[in-house]
Amino acid sequence: MVTTLKQHANGIRPTGLVDRVLDGLDSNMTRLFVPWVARHPRYLGAGLRLARSYKKTEKLRREALKAGLRVPPFLILSITSQCNLSCVGCYAAAVGTLESRRPTDCSQTRPALGYSQWRDIIADASELGVFSFIIAGGEPFLFRGLVQLCEEFEDRFFVILTNGTALTVSDYARLKKTKNIAVIVSVEGSEELTDSRRGKGVHKQAMETLAKLKSIGVPSGISVTITRKNYEYWMQPENLDRFVELGVLVGVFIEYIPMMHENLTGTGHESMNDKAELMLTAVERDEFRSKVLEYRRENSFYVIHSPGDEDYFGGCVSAGRGFAHVTPSGDLTACPVSNLATHNLSTASFRAGLASPLFTAIRENEHLLTNEDTPCALFGHPDEVQEIAKSVGAYTTDSLEVT
Ligand code: SF4
């Protein structure tokens, strides 16, 4: 099997099981992950099981679409409203996800979901055809039983987005045995860039976490918010190499989006009042995009770039087109940066939420899915999104007020 995988990794097309299972998967991804799996034997069986499971979910999604239901391959779960950091410009804070940074008058919020409720939501979404769950927050490792919850669904792939400062010895001990989890650590660039946004000493802890993940053989990556302050740092290949040496396989580059509704009371080192100033200009966006495509051709690192990659899918992939999002209290929103909902998954099914007038309207209004000159389609059409929300009786997840 190892030989076959190595052959496959080196582009030699063997026939048989591995070939059939890997056929049709993203070639950039297989070229990077297959050698990694070959070096980490505990993932051999799991890798094939997940590839087969991916194909089954693809079939489920196709059948659902034929029946008029759009099921996304990914579901983002903001599993906790707790966080141990207070980063400047935190999205979760801006949409009212973070308990510690909700405006004091934000009286009406629902209770956070517990372990068994999240298990039910993952089971329900998996049955419909969701293949991968992206676990966000707040800080996910503050959620008790996080790794155990992922282990309960061995034929689904979990990506945990962490600030890299809250993993415990028992988390590492458990992660050491897992075969269906990747951990993505947030950094901004150099020590100075990360600490100036996330707090003193955070960069060092994040790098130590990456080194520990490498030592226990857990696939890892980094997540970066690209602003005018750090995009040039990430245009230097030698800066990426530092992370590749730490075993990082994936880089998620998300261009900064100023929030439509801010309740940022962060204690960060410098305010981000002039938020739009931080957004890349159109020229800088093109420069950065061509660099990303160059990194992709070199393939030492799997790059995911938002919003650039949405172009492959014909624009914004929110509202079930590519993913959807669940808040810590179970509200289903089109995207992590949107605070509009009509369904709560502690009482409603995922199917009902996906088929909701809110999601349907966002998906069917194609022009709403184009970015204009901003990194976020929904952000680019605030009034129309508000109009739709009003017309379907949506509520805001941070105050439960009907729009
Ligand atoms: S770690 Fe994440 S959730 Fe916590 S404050 Fe920072 S950006 Fe926000």
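Yes/no per residue for (1) surrounded by fewer than 17 Cβ atoms within 10 Å (Cβ to Cβ); (2) touching a residue at least 40 places away in the same chain (Cβ under 8 Å):
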site	(1), (2)
Thr30	no, no
Phe33	no, yes
Arg39	yes, no
Arg42	yes, yes
Leu48	no, no
Ser53	no, yes
Lys66	yes, no
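Within the group Gly320, Gly314, Gly380, which residue is surrounded by 19 or more Cβ atoms within 10 Å (Cβ to Cβ), on the phi > 0 side of the Ramachandran plot and either at pLDDT 85 or above or not acidic (Asp, Glu) (or both)? Talk me through it step by step, then tell me what you get.
Numbers: Gly314 fails: surrounded by 19 or more Cβ atoms within 10 Å (Cβ to Cβ); Gly380 fails: on the phi > 0 side of the Ramachandran plot.
Selected residue: Gly320, the only one of Gly320, Gly314, Gly380 that is surrounded by 19 or more Cβ atoms within 10 Å (Cβ to Cβ), on the phi > 0 side of the Ramachandran plot and either at pLDDT 85 or above or not acidic (Asp, Glu) (or both).
Can you confirm whether Arg110 is part of a helix (DSSP H, G or I) and either of a type in the set (Ser, Thr, Tyr) or more than 16 Å from the ligand (Cβ to nearest atom) (or both)? Let's see the steps before the verdict.
Working: part of a helix (DSSP H, G or I): no; either of a type in the set (Ser, Thr, Tyr) or more than 16 Å from the ligand (Cβ to nearest atom) (or both): yes.
When the stated conditions are applied, Arg110 does not pass them.
Consider the stretch 117-144. How many of its residues are more than 16 Å from the ligand (Cβ to nearest atom), part of a loop (DSSP other than H, G, I, E, B) and open to solvent by less than 20 Å² (accessible area, probe 1.4 Å)? Before you say what the answer is, go through the steps one by one.
The first filter runs over the stretch 117-144 and keeps only residues more than 16 Å from the ligand (Cβ to nearest atom), leaving 117-133, 144.
From what's left, part of a loop (DSSP other than H, G, I, E, B): 129-131, 144.
Imposing the further condition that a residue be open to solvent by less than 20 Å² (accessible area, probe 1.4 Å) reduces the set to 129-130.
Matching residues across the stretch 117-144 total 2.
Provide a single number: the residues in the stretch 75-94 that are among the aliphatic types (A, V, I, L, M), more than 8 Å from the ligand (Cβ to nearest atom) and either in a helix (DSSP H, G or I) or over 16 Å from the mean Cα position of the chain (by Cα) (or both).
Counting residues in the stretch 75-94 that are among the aliphatic types (A, V, I, L, M), more than 8 Å from the ligand (Cβ to nearest atom) and either in a helix (DSSP H, G or I) or over 16 Å from the mean Cα position of the chain (by Cα) (or both) gives 2.
Considering each of Phe143, Phe158 in turn, give the residue that is under 11 Å from Leu77 (Cβ atoms) and touching a helix residue (DSSP H, G or I) at 6+ places or on another chain (Cβ under 6 Å).
Just one listed residue meets the conditions, Phe158.
Report, ordered by the first and then the second residue, all pairs with beta carbons closer than 8 Å, sequence separation of six or more or different chains, a first member in the stretch 177-200 that is over 24 Å from Phe33 (Cα atoms) and without any contact (Cβ under 8 Å) to a residue 24 or more places away in the chain, and a second member that is among the basic types (Lys, Arg) and part of a helix (DSSP H, G or I).
Cβ pairs passing all conditions: Glu191/Lys204.
Sort out which residues of the stretch 184-218 are away from the ligand (no atom under 14 Å from the Cβ) and closer than 14 Å to Cys150 by Cβ, and write them in order of number.
Passing the criteria: only Val218.
Out of everything in the stretch 162-176 that is within 14 Å of the ligand (Cβ to nearest atom) and free of Cβ contacts under 8 Å to residues at least 60 places away in the same chain, what residue ends up being nearest to Ser132 (Cα to Cα)? Lay out the reasoning, then the answer.
Our first condition is that a residue be within 14 Å of the ligand (Cβ to nearest atom); within the stretch 162-176, this holds for 162-167.
Subset that is free of Cβ contacts under 8 Å to residues at least 60 places away in the same chain: 162, 164, 167.
Numbers: Thr162: 17, Gly164: 21, Leu167: 22 Å.
Filtering first and then ranking leaves Thr162.
The values are calculated or read from the model by the stated rules, or taken from the named source; none is laboratory data. In this text, all values refer to a predicted model and were calculated from it rather than measured experimentally. Glycine also receives a Cβ, built like all others from the backbone with ideal geometry; neighbour counts cover every protein chain displayed. Surface areas here come from the heavy atoms of the whole protein model, side chains and all, with no ligands, DNA or RNA. Shrake-Rupley method; radii C 1.70, N 1.55, O 1.52, S 1.80 Å.
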